[in-house]
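Taking it in order: structure first as structure tokens, then the write-up.
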Amino acid sequence: QLVESGGGLVQTGGSLRLSCAASGRTFGGGTVVWFRQAPEKEREFVAALRWTNGGTFYASAVRGRFTLSRDRDKNTAFLQMNSLKPEDTAVYSCAARWPHTVRYYDANEYDFWGQGTLVTVSS
């Protein structure tokens, strides 16, 4: 089970941090990812974290503004979102799969999903 937290309302240029905690098993050996879906748009890949070696991958739209990190002891992944823009407004969902996948950007690769959290960036 994945539990997300951290969404909310922020002004343009602000920051938010999302978290994704796993219960029942460790993220070890797997991939943790965030996707987002804005109103009337398709779901899109945001960022992925390869838990074991800490490797990260980012969509071009967020690279340089968003940063992934992890707390091994708490079995929790974090998505730090800085310099937020109105176009970042969406429901953000974390997902995970074991073992790690090279197709980290493909939502069909993921078996476990969080409940989603709304991020709203006002202009």
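Numbers for the structure displayed
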read-out	value
For the chain, built as a Gaussian network whose Cα springs stay under 10 Å, the top-fluctuating residue of Ala95, Ala59, Ala47	Ala59
Pairs of alpha carbons in segment 8-123 whose separation is greater than 18 Å (percent)	45
Accessible area expressed per residue, the chain, with surrounding protein chains retained (probe 1.4 Å, Å²)	51
From phi via Karplus (6.51, -1.76, 1.60), per-residue ³J(HN,Hα) for segment 22-34 in Hz, x at Gly/Pro	9, 10, x, 7, 7, 6, x, x, x, 10, 10, 9, 10
Among Pro99, Pro39, Pro86: highest mean-square fluctuation, GNM of the chain, C-alpha pairs under 10 Å	Pro39
Over the chain, relative contact order from alpha-carbon pairs under 8 Å, at least 6 apart, %	36
Rounded to 5, percent antiparallel among DSSP beta bridges of the chain	90
Share of carbon and sulfur in the accessible heavy-atom surface of the chain [1.4 Å probe, %]	46
Check: the chain dipole with +1 on Lys, Arg Cβ and -1 on Asp, Glu Cβ, in debye	320
Fluctuation leader among Phe112, Phe57, Phe78 - the chain, Gaussian network, Cα springs under 10 angstrom	Phe112
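The values are calculated or read from the model by the stated rules, or taken from the named source; none is laboratory data. On a predicted model such as this, the values are computed, not experimentally measured, just so you know. Cβ sites come from the backbone with ideal geometry, for glycine too, and all protein chains shown count toward neighbours. Quick note on the areas: whole protein, heavy atoms, side chains included, nothing else; ligands and nucleic acids left out. Shrake-Rupley method; radii C 1.70, N 1.55, O 1.52, S 1.80 Å.
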